[in-house]
Every structure is written in structure tokens, then in C-alpha cells.
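What follows is a set of notes on a single structure, which appears directly below.
The values are calculated or read from the model by the stated rules, or taken from the named source; none is laboratory data. Computed from a predicted model, the values in this text were never measured in an experiment. Here the Cβ positions follow ideal geometry from the backbone for every residue, glycine too, while neighbour counts run over all protein chains shown. To get the accessible areas, we keep the full protein, side chains included, count just its heavy atoms, and leave off ligands, DNA and RNA. Shrake-Rupley method; radii C 1.70, N 1.55, O 1.52, S 1.80 Å.
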Amino acid sequence: MTTAQLNVFQTILDGKHRSLNQAIPTFTIQETDIADRDINSIFDHSRPLGISPGYSSNGQLVSLAIADDKNCRIVEFQQPKGNNRRGNANAKPAVPSQHILDGRALLQDNILCRTGGDIFAFDMGPLAMSLYADLGMRITQAVDIQSAFSAVDRKPISAITAALGDPATSGVKIMADNVRDLFMHPVYNPDDSLRNRATDLAMRAWLSQFLPGYENGETTFEKVARIDTKKLPSQRLDMIAKIANDALRLDQKKPTQTTHQVMQSTDVVSDQVRLNSTNFNNRLRGHRQVKVKVDGARGEFTVNAAMGAVSGRSGNINTDRALTDKAIMTVTSIGRDDPTTAEAQRAATVLSILQGSEKLLDESPWIQNIWFPSSDDGLLVWPEEWKIKGPLKAPAPAPSPQSGNPFRHLLLNPSQQEAVNFMLSEKDDHRITIIQGPPGTGKTSVIASFVQFAVHSFARGGIWLVAQTNVAVKNIAEKLISTGFMDWKLLVSKDFHFEWHEHLYGKIENYLIRSDEFHIASNKVNLRGTRVMLCTLSMLAHKRISKFTQEIPLKMLIVDEASQIEIGNYITVFSSFKTTLRKYL
């Protein structure tokens, strides 16, 4: 049944434009009632539609707001218990009633896949995948709003600012704090007594249709490639949806507020309050909105402020209030942490595929073999030109204490030697090799031995050793040092190293290249003689990583503790390095 009308007045844009000051009549509809309500008729036009998702706390799509310039309707979906998402290998699909399926079909055919007019949303890629994975619905003529403005900055406030332009000329002022607050709470719970989630949902949908209809918005959004999931086969959608929804679920788990452990001081040059983080896991991050609880002469009070640039542990805090003579009690960042570079690149890859760049899937043999194998017998098909011409080199013999091998002190047992031989093999059957073993069985020793043989016995290069964490990468580096192997460099993030973890790298400092040095350290002179590179998997998404892969192409990728890494995290690696990567271990 349809609820009583909720008149929503938007609070994110201020100006004299007529549509900014009129009520948005909003009704909530249960999906069982779709066939009997006006949702099928009021949006029967070709004007822009805006849609906005409401997610459960575990990231499932539970509601969808649909708005044009006059009305908004919110559809609430029934969610079966358990994880029944498409693309989930462990899913036990629950079949909705025929009545619900009929209602979803109407919603898809009449609105999501309507014959005329575009549909707009912020973060349309994840939304399109949630519609498919959670509800079995597809969408056409779907426009990702942020794609019209930046391939890097995905913040809604940035897209809104770019769309509306200078308030002095547009006559529209953006209420920035309200915008940030609006997009901070994607969880939809109609019973939440602290916040009207229906209002949030309606405002986001209304804003999504307002931007393309404002001034020259139609021209601005013409260049954005449309998403059409109707034309994509289910096998591909299952794969893309799994990656997108895993990322969405993890993002939902990020806290919307973070309280930092800090010490305060005063900058002697600017006389500004300077904050110093004392805990790496909840460290301060630059250019974030914060709430500062202060103890002053007249008691405690709270100040809204913004962090300036943060370097290492410390950064200045910007506020109109004088705080140098007051005691700061707590500092709390508002909003979820921004996506990491790797998360952003993965999302960009998924969005690019949905917007028509299917060649990313077709052109990578790694993606084809892992996600879309051509046969059920387990045989993988690799490009003919990858095959080694002539006889294959014999497996490396185990070193003996009497041999002249410079690494003879690193002895291998028969199981470890077999693992090294598989890693060295150039056969197609061994392009993907998994080495398993419980802690203490010498997996790191196997990696070190492989590197020794590959470089010194087989003259191979282009070996990249990666792991999920900086500490795991550091442990591999120390193992290489202990065996006397020196032809390597380690890439590390400045955020992790500077003023936080320099002490971890004492033994290997001379082999370190920090991210703020990438632009000067990635030339031939500095990398001369380097055959092996070490970094975290996420570092392979760094904007300057090509400076290194040009000199040391990524030919072999060895991943330590690979079971800790979600399979979707590899899609960018397998697409970005498809022309050079020949072996994954």
C-alpha cells in the first residue's frame, strides 16, 4: 500500500530557480503494489529521471527512489534472508512470488528500460549491478553523473560544483555541508527515528534529475557513455556484479565517523594549532571535515573545522575559532575514508566495462581463463605467441653444499624444490601456479629460491613480488637480503613509511623507493641492474607505476598470502598488464 504523501523540500541548493523552492511530492510503495500504483504512469515521458538507491547495512539494495522534476516515488523491496545475490558462488537463490516478479518486470520495462529518455544517478555503476544482483533487473540509457566531470574525483560535491559552476553567475549556492551529509548515509531504514531516510532518498533522486536539466546540462551529459546491462550476457554480468558488490559491501562497513588519537601543538610560523596523530590506524587525513571538542575557560564546546595538508603524523587544523590557548579533547573526522587508489581504479575498470569497453574482458587472456574458461575440463587456453619456441629449459637442480651456487646455504626439501620447479616452468599448464602450505613450511624460502634461480640460472627479469600488506612485502625483502640477493627495489607508500614505520625498514633502507620519490627514482640510472621489484598489490594501481613497469616490465607476478586477497582486486592488474604478464604465482 502507498503511504501518505511526504512533501520533501530540498536543502542542498539555494537560489531563485523555481524548482529549487517547490515541494517534491513523495510516496513510498511496497513492491507488491507496483502494478496498482501511479508509478507506471507519472514517469511515462522522456524527460530526465533521477534514481537513488537505499541499501541495507550489509549492502543489499532494499529501496529505490525515482524522481522527475515534479514527483518522487520510493519503491521498497522485499529481501529474503541470506546472501542470494547473483554472482555469489555460495548463493542459494530464493525465488520471489510471481506477484513480486510481475511488479519488478513492470518497473524494469516501464522505467528502468523505458524506450525514451535517460536515467541519471550518482555512482550508477554499483547501482546498476545492485539492481541486477539483488533484484534481477536490468537498466538501459543509464548515466553515471560523475563521469561527466572527472575520471578521478568521484565525490558528489565535486560533480555538483562542476555542473552548476560559479554561484556568482549561476545564482545557485551549494550548501556543501548538507550535500556531504546527504551522501554520507546510504543505509535505508524507514524505522530510523533519528533520520528521515525517505527524505534523503528523495533528495538524492531529485538532485540526479535536476543537474542534467539545468542550463546546459543536456550538452554536458551527452558525452557520457550510457550503461546498458540489457545487452550484456548473464555470465559477464555475474562476474562484474560480484566485483562491484563486494566493493560496495566493504565500503558500507567503513565508519562514517572516526575519532583520532592526537596530541596538539602550535605551529611557530603560522601560529595555527597543529595536531599530531599517535595511532596509525586512525591517523588524521588531509582535507577532511572534522568536529573538534574543546575545553576552554568557559567549559567544553564543539567546533567545526577542516584539516589542512597532513604529512606523516601531523597537520594543521583550519577554523575561524582561536584554539591555541585551549585544550583539544577529541578530534572526529566526518565521512567515510576516501577510496584507496586501488579501490578507485577497480571501480573505474568496472564502470568502463559497463559503459561499453567490453574489450577489457576480451583482450586479457588472464580474465578470460579465470572468469570465463572456455571448457569445463580445467584446460586453460593461452595465446599461441606466448609459447616458448624451441626446447624448454630443464628444471633447476637443488643446490648442494659443495656446489658453486652463491645461494647454496638456502637448502630446499623435496616438496619445496618441486614448488620451485613449477614456478620456473615455462609450460602453458603452469602459467598459473598455486603454492599452498601452513605457516612454517617455508613458502617465503620458496619465493627467495625461485628468485635466485630465475635471475642467476635462467637470466630472467620482470619479476614482481607483491603481497596484501606492507609488512608481508618487507618480510620477503628481508628474506632476499638474508640469502645475499641484492638485485631488487621495494616501492612503499609515503603515508605508511614517513614518521610511522621507518624503523621497520632499517635493514633494507638502501633498496627502498618511497612514493613521493617516484618521479625522480624511476629512471634507467636508478633502476640499473634491478631484476626484481617488490610492492603491495594496491601499489600496482599507483598513477606513476608505469614509470617502473616501462623499465622493468611486469612479466611474472608472485603474490604472497594470496588467499587474503579478494579475486576482484586482480581485475585491474590483469587488464592493465595483459600485454606483458606471462605467469601468475
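Of the residues making up the stretch 559-572, those that are open to solvent by 10 Å² or more (accessible area, probe 1.4 Å) and of a type outside the set (D, E) are V559, A562, S563, Q564, I565, I567, N569, T572.
Is it true that T530 is over 20 Å from the mean Cα position of the chain (by Cα), open to solvent by 30 Å² or more (accessible area, probe 1.4 Å) and of a type in the set (S, T, N, Q)?
no
For the stretch 23-62, a tally of residues being open to solvent by 30 Å² or more (accessible area, probe 1.4 Å), polar (S, T, N, Q) and over 24 Å from the mean Cα position of the chain (by Cα) returns 5. Restricting to the stretch 465-489, name every residue that is in a helix (DSSP H, G or I) and open to solvent by 20 Å² or more (accessible area, probe 1.4 Å). Hits for the stretch 465-489 are N470, V471, K474, N475, E478, K479, I481, S482.
Residues of the stretch 9-44 that are without any contact (Cβ under 8 Å) to a residue 12 or more places away in the chain and within 15 Å of A105 (Cβ to Cβ): D36 alone.
Within the stretch 528-585, the set of residues being farther than 25 Å from E385 by Cα and among the hydroxyl-bearing types (S, T, Y) comprises T530, T536, S538, S563.
Where residues in the stretch 243-260 are of a type in the set (K, R) and within 16 Å of A344 (Cα to Cα), which of them is least open to solvent (accessible area, probe 1.4 Å)? Among those that are of a type in the set (K, R) and within 16 Å of A344 (Cα to Cα), it is K254.
State whether one or more residues within the stretch 547-558 are free of Cβ contacts under 8 Å to residues at least 60 places away in the same chain and buried (at least 21 other Cβ atoms within 10 Å of the Cβ). Within the stretch 547-558, one or more residues are free of Cβ contacts under 8 Å to residues at least 60 places away in the same chain and buried (at least 21 other Cβ atoms within 10 Å of the Cβ).
Here the stretch 435-464 is the region considered, the condition is being open to solvent by 30 Å² or more (accessible area, probe 1.4 Å) and over 31 Å from the mean Cα position of the chain (by Cα), and the residue that is nearest to F577 (Cα to Cα) is A459. As a summary of the residue check, T530 satisfies the conditions (1) farther than 26 Å from S563 by Cβ; (2) assigned to a helix (DSSP H, G or I); (3) of a type in the set (S, T, Y) except for the one numbered (2). Please go through the stretch 115-148 and give me each residue that is without any contact (Cβ under 8 Å) to a residue 60 or more places away in the chain and over 21 Å from I243 (Cβ atoms), ordered by number. If the condition is that a residue be without any contact (Cβ under 8 Å) to a residue 60 or more places away in the chain and over 21 Å from I243 (Cβ atoms), then T115 is the only one that fits. The set of residues in the stretch 29-47 that are assigned to a strand (DSSP E or B) and either acidic (D, E) or touching a Lys or Arg at 6+ places or on another chain (Cβ under 8 Å) (or both) contains only I29. Inspection of the stretch 192-204 finds no residue satisfying the criterion of being of a type in the set (K, R), farther than 16 Å from A159 by Cα, open to solvent by 70 Å² or more (accessible area, probe 1.4 Å) and not in a loop (DSSP other than H, G, I, E, B). Of the candidates D516, D495, the single residue that is part of a helix (DSSP H, G or I), surrounded by fewer than 17 Cβ atoms within 10 Å (Cβ to Cβ) and either in contact with a strand residue (DSSP E or B) (Cβ under 8 Å, 6 or more places away or on another chain) or of a type in the set (D, E, K, R) (or both) is D516.
Among the residues of the stretch 261-282, some residue qualifies, meaning at least one is assigned to a strand (DSSP E or B) and open to solvent by 80 Å² or more (accessible area, probe 1.4 Å).
The sole residue among G50, G87, G103 that is in contact with a helix residue (DSSP H, G or I) (Cβ under 6 Å, 6 or more places away or on another chain), modelled with pLDDT under 95 and not in a loop (DSSP other than H, G, I, E, B) is G103.
Within the stretch 352-364, the only residue that satisfies the criterion of being open to solvent by 40 Å² or more (accessible area, probe 1.4 Å) and modelled with pLDDT of 90 or more is Q355. Taking the numbered list (1) in contact with a Phe, Trp or Tyr (Cβ under 9 Å, 6 or more places away or on another chain); (2) within 13 Å of T199 (Cβ to Cβ) in turn, S19 passes all entries but (2). A single member of T302, T349 is surrounded by fewer than 19 Cβ atoms within 10 Å (Cβ to Cβ) and among the hydroxyl-bearing types (S, T, Y), and it is T302. Specify which of the listed residues (S538, S575) is hydroxyl-bearing (S, T, Y), part of a helix (DSSP H, G or I) and open to solvent by 50 Å² or more (accessible area, probe 1.4 Å). Only one candidate qualifies: S538.
Yes or no, residue by residue, for (1) outside any loop (DSSP other than H, G, I, E, B); (2) of a type in the set (A, V, I, L, M); (3) surrounded by fewer than 12 Cβ atoms within 10 Å (Cβ to Cβ); (4) at pLDDT below 90:
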| residue | (1), (2), (3), (4) |
| --- | --- |
| T324 | no, no, no, yes |
| T330 | yes, no, no, no |
| D338 | no, no, no, yes |
| A344 | yes, yes, no, yes |
| W366 | yes, no, no, no |
| S375 | no, no, yes, yes |
| L380 | no, yes, no, yes |
| P397 | no, no, no, yes |
| P401 | no, no, yes, yes |
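Does R544 count as closer than 30 Å to A151 by Cβ and surrounded by fewer than 19 Cβ atoms within 10 Å (Cβ to Cβ)?
Considered against the rule, which asks whether it is closer than 30 Å to A151 by Cβ and surrounded by fewer than 19 Cβ atoms within 10 Å (Cβ to Cβ), R544 comes out as yes.
Under the condition of being in contact with a helix residue (DSSP H, G or I) (Cβ under 9 Å, 6 or more places away or on another chain) and not aliphatic (A, V, I, L, M), the residues counted in the stretch 360-381 number 9.
Would you point out which residue out of R288, R321, R298, R236 is under 23 Å from the mean Cα position of the chain (by Cα) and more than 30 Å from L131 (Cα to Cα)?
Just one listed residue meets the conditions, R288.
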